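Structure first, commentary second.
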Amino acid sequence: MANQEQKSDLAQAPGTGSELEGQVERISYFNEESGYTVARLKVAGYPEPVTIVGNIASPLLGEILKLKGEWTVHPKFGRQFKVSSYRSVVPATAAGIRRYLASGLIKGIGSVMAARIVELFKEKTLEIIEKRPNELLKIEGIGPKRVEMIQKAWKEQKEIRDLMIFLQEYGVSPAYAVKIFKTYGWDSISVVSRNPYRLATDIVGIGFLSADKIAQKLGFDKTAPPRAEAGILYVLNQLSAEGHVYYPYQLLVEKCREILEVDAELIKEAIGSLALSGKIVLEDLNKNLEAFEPDHKSVYLKHFHVSEVGIASHLARLISSRRRIRQVNVEKAISWVQRKIGLNLAPEQKEAVKKAITEKSMVITGGPGTGKTTIINAVIRIYRELGARILLAAPTGRASKRMSEATGYPARTIHRMLEFSPQSGKFQRDQDHPLEVDVLILDETSMIDTVLMYHLLKAVPSEATLIMVGDVNQLPSVGAGSVLKDIIDSKVVPVVELKQIFRQATKSHIVVNAHRINSGLMPEIALKRDRQQDFYFIEQNDPEQALNIILDLVTERIPRRFHLDPMEDIQVLSPMHKGALGTQNLNSRLQQVLNPSRKEITRAGYTFRLKDKVMQTRNNYEKEVFNGDIGRIVSIDLEDQEVIVNFEGRPIPYDTSELDELIPAYAISVHKSQGSEYQAVVFPILPQHHLLLQRNLIYTAVTRAKKLVVMVGSKRALATGIKNDRIMKRYTYLSERIRTP
């Protein structure tokens, strides 16, 4: 009878407020971003587990939850308990404790170790872990180091779960609780309560909008000065992600006013406060007093202003300083190097070599097949003969590796060359400890953003020669600025633009079509019967049909005809992230067909599988893995909560809380592909992409391919994109600064 009474108590009418306590038996669904959970709860006295739904911070198998909420009836899934609030209670039975520990709660304890610990300590297990952890040494496989790790993890998880429960009330994803705890430590709740706007600037992934929601629930007024200041910093950071180094004062005030929904005067006061505190820099753009305009000012985040001014200053220093390498007879040097490399250089190439051995700084720009590598090889030969110390560098690992392969001379990434120290958080090479170099040759310079170029130029000694090589017609850097374009536009640094396509390159339709696209012309499309071509267009206007074609191309048709590996050799590039042919959906579908591995872990909104192709999405100097680097998952250790990714032969461990730095890379954006080359590129292009279709984007996608390009979509969309040669404006002042440093 007692059981029947309890059952009746639980099964109240839908909409009735109620409380429930039970142990998590199964987690059917958990969204890490929102915390939304569907789980089965074993409730004492109730014959069947109860379905619970609601936002729960990282629920664990075996965890005991005390819930408040109401019973509802779902039309498909039946009776459910809708959770409004909850608190976690540690389990009391041995079986519950074992499941609790086996869920991955504590790094260092997985299912096997949990069973061993509970077998020995029974119901006292959690007391042992918390108060007498050294007794764990009695367990086979646990040594002093693991005890220390378990003790630390236990203490942290208690604090983190308190933080998660605190944050859930304010709509912050449980996925960010670990990051917040790592940043603020034991003071996390106190810091967030006092000034939640700090989250927007201190925690990667938490923007101003999330911080603002917390602040409003904590009672902060919309007109509070900290809100206005945090909002301005948020907007400037968003604008820098779009490529802007600064933003015009009046436009910034208007944009912030719209987003913050406050008076313009409050925004102007907050801008003034931020400028006084040194977080932003205001600069008057009125250079002619006769044409003076009020509020004609630029607004910079401090580090962007320092970087832009620094680039101009260091370039001026380099150009005005004497060379360490002795001058040579240019004509004799060119004749000598032509004999050494067994080639007669074209007039453009000779001009580039001449400037490279006579000028202190210069730019070589040109598209594929125009002989940039030949020039680099010739310049290296001449300078080696002169005994110069030569360094070759590129922005990405793949670009530096390709540079090494093409020249036979070692090349490094800029980050490694500048010797970043995780301990100090700084580059070790700077003006006080410059690079030991006489000639620095940079490749893929169009990819270098404002901040990185500043750090690089700081470390170049005054007597060195700087040679910048790149394709200015590609997309600009992912980071803020358009450094190569601005240097060229300044007309201070000598520039050689290569236009001639060499005969061997004209055999490649990829090269020919890249130049046609860059000139505003439609590419020449291969006929179906022509099996020797390297450039194809498959007409399909329906997104779902185009998606099926792409899946077939990657998994069957290209590997079969061209003998290419679908994982290693073929890269799908997309103009956008959303939609049927966006990177998100393409990755999900490609993962299903290319990697059916069942060993997986879900974090940061993605399911990562063993052998997955993944990409790093931001610079991690400690791991020496950088934005755009592609690797393969070689290990998933659910017991130790660790994933290992192989980047170019380097196994890099990721704690599961760090997995938000990775995204699947079966399909990537064109921007993210810069600096890389792939044997084959598959590129969807449909009218739905029209807002993003630009000539330089299509050109960049095509120039990523070495052996094969296959476009799938609408020729009309392709024509529209090629006609659109308007480059999205980036607010920078670099070219003017270089002209008048």
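Odds and ends about this structure:
- Inter-part distance, the range 336-409 to the range 81-152, computed on C-alpha centroids, equals 61 Å.
- Taking label positions 7 Å along the Cα-Cβ direction at both Glu359 and Lys715, the computed distance is 4.2 nm, reported to one decimal.
- Maximal additional length on extending the Gln545-Ile644 stretch stands at 32.1 nm, based on 0.36 nm per residue less the C-alpha distance.
- Taking a straight Cα-Cα cut-off under 24 Å and skipping sequence neighbours fewer than 8 places away in the same chain, the lysines within cross-link reach of Lys507 are Lys350, Lys372, Lys499, Lys528, Lys706, Lys707, Lys715.
- Among the protein heavy atoms of the range 559-668, carbon and sulfur supply 46% of the accessible surface, probe 1.4 Å, non-protein parts ignored.
- Cα centroid of the range 550-624 to Cα centroid of the range 706-725, whole Å: 22 Å
- With the convex hull of the Cα atoms taken as the outline of the chain, the averaged projected area works out to 38.7 nm².
- Using a probe of 1.4 Å, the accessible surface attributed to Ser277 totals some 70 Å² when neighbouring protein chains are kept in position.
- The range 683-724: C-alpha pair distances exceeding 12 Å, %: 55 percent
- Descending semi-axes in whole angstrom, ellipsoid equivalent of the range 304-358, from the Cα gyration tensor: 32, 14, 8
- Nearest 10 degrees, 0 to 90: helix 302-320 Cα axis against the chain principal axis: 20 degrees
- For the range 394-456: rounded, prolate or oblate by the Cα gyration tensor [a/c cutoff 1.5]: prolate
- When Lys76, Lys372 are compared by accessible area of protein heavy atoms, the largest-first order is Lys76, Lys372, using a 1.4 Å probe.
- Packing around the peptides 197-207, 448-458, 228-238, 484-494, taken as the average count of other Cβ atoms within 10 Å per residue, puts them in this order, highest first: 448-458, 228-238, 484-494, 197-207.
- With viscosity 1.002 mPa s and temperature 20 °C, the Kirkwood radius over alpha carbon pairs of the range 256-352 converts through Stokes-Einstein to a diffusion coefficient of 113 µm²/s.
- Helix 397-407 axis, angle to the chain major axis (alpha carbon atoms, nearest 10°): 30 degrees
- Share of alpha-carbon pairs per 5 Å distance bin for the range 577-650, given as whole %: 3, 14, 23, 26, 21, 10, 3, 0
- Compared with the dominant Cα axis of the chain, that is its longest principal axis, helix 264-277 is turned about 80°.
- Per-residue surface analysis assigns Tyr86 an accessible area of about 20 Å², computed on protein heavy atoms at 1.4 Å probe radius.
- The gain in end-to-end length when the Tyr170 to Met522 segment is fully stretched comes to 121.5 nm, 0.36 nm per residue minus the alpha carbon separation.
- Per residue, the solvent-accessible area of the range 425-469 (1.4 Å probe, heavy atoms of protein chains only, all protein chains present) comes to 30 Å².
- Sorting the segments 402-414, 327-339 by their residues' average number of neighbouring beta-carbon atoms within 10 angstrom, most packed first, yields 402-414, 327-339.
- Rounded to the nearest 10 Å², the accessible area of Arg650 at probe 1.4 Å: 70 Å²
- Subtracting the Cα-Cα distance of Lys499 and Leu610 from their residue separation scaled by 0.36 nm leaves 35.4 nm.
- Cα-Cα pairs of the range 652-721 separated by more than 13 Å (percent): 69 percent
- Against the rule of thumb 2.2 N^0.38 Å, how large the Cα Rg of the range 330-479 comes out: 1.04
- Separation of alpha-carbon centers, the range 431-491 and the range 247-315, rounded to whole Å: 26 Å
- Each residue, Tyr29 and Ser424, gets one label point 7 Å from its Cα in the Cβ direction; the gap between the two is 5.2 nm.
- Ordered by 1.4 Å accessible area with all protein chains kept, Lys255, Lys723 run largest first as Lys723, Lys255.
- Point-to-point label distance, Asp637-Arg384, nm (Cα→Cβ direction, 7 Å offset): 4.3 nm
- Overall Cα dimensions of the range 74-156 - principal axes, largest extent first, Å: 53, 24, 18
- Extents of the range 593-711, taken as max minus min of Cα coordinates on every principal axis and listed largest first, are 48, 31, 28 Å.
The values are calculated or read from the model by the stated rules, or taken from the named source; none is laboratory data. For clarity, every value in this text was computed on a predicted model and none was experimentally measured. Every residue, glycine among them, receives a Cβ derived from its backbone with ideal geometry; neighbour counts consider all protein chains shown. For the accessible areas, the whole protein counts, side chains as well, though only heavy atoms, and no ligand, DNA or RNA atoms are used. Shrake-Rupley method; radii C 1.70, N 1.55, O 1.52, S 1.80 Å.
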